[in-house]
Amino acid sequence: MATKVPVFNSDCSSLLAKYLSQQVFSQLEDKVTTSGYTFKQAINSGLVNQDSGVGVYAGDAESYTMFAPLFDPIIADYHNFNPHDSHQSNLHFDELFGLNPDPTGKYILSTRIRVGRNIADMPLGPALSRQQRRTIELQLAKTLTGLSGELSGNYYSLGNIDAETRKQLIADHFLFKAGDRFLDAVGLNRDWPEGRGIFHNLEKTFLVWVNEEDQLRIISMQPGGDIKAVFSRLVKAVNEIEVSVPFLFDQRLGYLTSCPTNLGTALRASVHIRLPKLGDDLITFKAITDHHQLQIRGTSGEHSVSEGGVFDISNKRRLGVTEVECVQDLYDGVVELIEREQELAINVDLKK
Ligand code: ADP
Ligand code: ARG
């Protein structure tokens, strides 16, 4: 007799819960990829964490084909991308329209753009062995410390960073946190902190996270709202790293990442922006971010809350849109958010 499909809490709204039917579960429950990644591992995070938005992770490139009866509808739903759509890349930062949506610096505290990347011919993080993870760290530390000019910097293995420095790097938004329960449930925290680390230049405007959720998170960031400067530094870094590190890429799905939300461009362009009035008018706030396909996160990133009226605003879609379009979405949305925030402030002043 077929095993019964897992039951979700009544308030669970994950895409896993939405698309894991009895039929899909019966079709996939015993499937294992060639790197030994099982369907049960792929769905475990969403079962353990019923507050997941998505709930699944891939363990390798093959997961995206073998588990397609579940993954394809999740990908279509999240990215508005259908199985026959194709993905195009465009890293020509000169095609971005607009420079800085906040030239006076009143609203935007900082801008950050990151892409996720993984290494060709390797499993993704959830299915990596301890030895493979160590090999990747060594390879990346060597490549990254060979970069020059504005990109030159040092690599710090997580285990060698003292607790105080680590805490400060996280508080300053430069380093990933430990113990993420979503990653934990898919085995992405195995052997922690071994094999993980951070590379950064002196100014901390160019950083690379090694072996967190993806093998590389390439990050460009700086204070203020000069989105184009941040984007152009990112493109330069990605192009230089790719010369010595072949990235895992799929014709249909673009750059492959462990979480389906990051497929395609794997790009999240964000601003930390002070919007106290909109923060008090969430209906208007959400209407604008939904219109521009933007996501609202808290001040310390995903699954955090906003502090002091500061929000993390970023593009939601990453697949089926080019890198330039992802960044343009952010730019256009931020222009409108600032306009609306100014109007709300004037209305409050008039009422006084
Ligand atoms: P990711 O960007 O990798 O998807 P998170 O949402 O966890 O992941 O963010 C990682 C870190 O980057 C957090 O400390 C977050 O506050 C910080 N961050 C994100 N956007 C910005 C920004 N525009 N300026 C400064 N820090 C940022
Ligand atoms: N697995 C988590 C969830 O479903 C995170 C999804 C997106 N975020 C990420 N860091 N990949 O809510």
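The values are calculated or read from the model by the stated rules, or taken from the named source; none is laboratory data. Note that the structure is a prediction, hence the values are computed from the model and not measured. Using ideal geometry, Cβ is built from the backbone for each residue, glycine included, and neighbour counts are taken over all protein chains shown.
For beta carbons closer than 7 Å, sequence separation of 6+ or different chains, a first residue in region 80-92 that is closer than 15 Å to Y64 by Cα and a second that is of a type in the set (V, I, T), the qualifying pairs are F81/I75. For region 296-352, filtered to residues that are touching a helix residue (DSSP H, G or I) at 6+ places or on another chain (Cβ under 6 Å) and free of Cβ contacts under 8 Å to residues at least 60 places away in the same chain, the residue that is nearest to R114 (Cα to Cα) is N315. A single member of D102, D121 is assigned to a loop (DSSP other than H, G, I, E, B) and under 16 Å from F247 (Cα atoms), and it is D121.
S258 meets the stated requirement of being of a type in the set (S, T, Y), farther than 23 Å from F93 by Cα, crowded, with 19+ Cβ neighbours inside 10 Å and within 18 Å of the chain's Cα centre (by Cα). Filter region 134-170 for residues that are more than 16 Å from ligand 1 (Cβ to nearest atom) and either basic (K, R) or under 21 Å from the mean Cα position of the chain (by Cα) (or both) and give the result. Listed by number, the residues that qualify are R134, I136, E137, L140, K142, L144.
One residue stands out in region 141-151 among those that are within 20 Å of Q222 (Cα to Cα) and part of a helix (DSSP H, G or I): the one that is nearest to ligand 2 (Cβ to nearest atom), namely L144.
Give the number of residues within region 3-39 that are within 23 Å of the chain's Cα centre (by Cα) and not in a loop (DSSP other than H, G, I, E, B).
The initial filter retains those residues of region 3-39 that are within 23 Å of the chain's Cα centre (by Cα), namely 12-19, 37, 39.
Narrowing further to those that are not in a loop (DSSP other than H, G, I, E, B): 15-19, 39.
So the count comes out to 6.
Checked against the criteria, S63 counts as within 16 Å of ligand 2 (Cβ to nearest atom) and of a type in the set (S, T, N, Q). Scan region 317-324 and give yes if some residue there is surrounded by fewer than 21 Cβ atoms within 10 Å (Cβ to Cβ) and modelled with pLDDT under 95, otherwise no. The answer is yes, given that some residue of region 317-324 is surrounded by fewer than 21 Cβ atoms within 10 Å (Cβ to Cβ) and modelled with pLDDT under 95. In the set (1) in contact (Cβ under 8 Å) with a residue 24 or more places away in the chain; (2) within 24 Å of I313 (Cα to Cα), the condition left unmet by G187 is number (2).
Among residues belonging to region 1-17 that are away from ligand 2 (no atom under 12 Å from the Cβ) and within 22 Å of A76 (Cβ to Cβ), point out the one that is surrounded by the most Cβ atoms within 10 Å (Cβ to Cβ).
Pass one, region 1-17, residues away from ligand 2 (no atom under 12 Å from the Cβ): 1-11.
Next, from what is left, pick out any that are within 22 Å of A76 (Cβ to Cβ): 5-6, 8.
Numbers: V5: 14, P6: 14, F8: 17.
Filtering first and then ranking leaves F8.
Does R117 satisfy the condition of being in contact (Cβ under 8 Å) with a residue 40 or more places away in the chain, under 21 Å from the mean Cα position of the chain (by Cα) and within 16 Å of ligand 2 (Cβ to nearest atom)? Taking the combined requirement at face value, the residue satisfies it.
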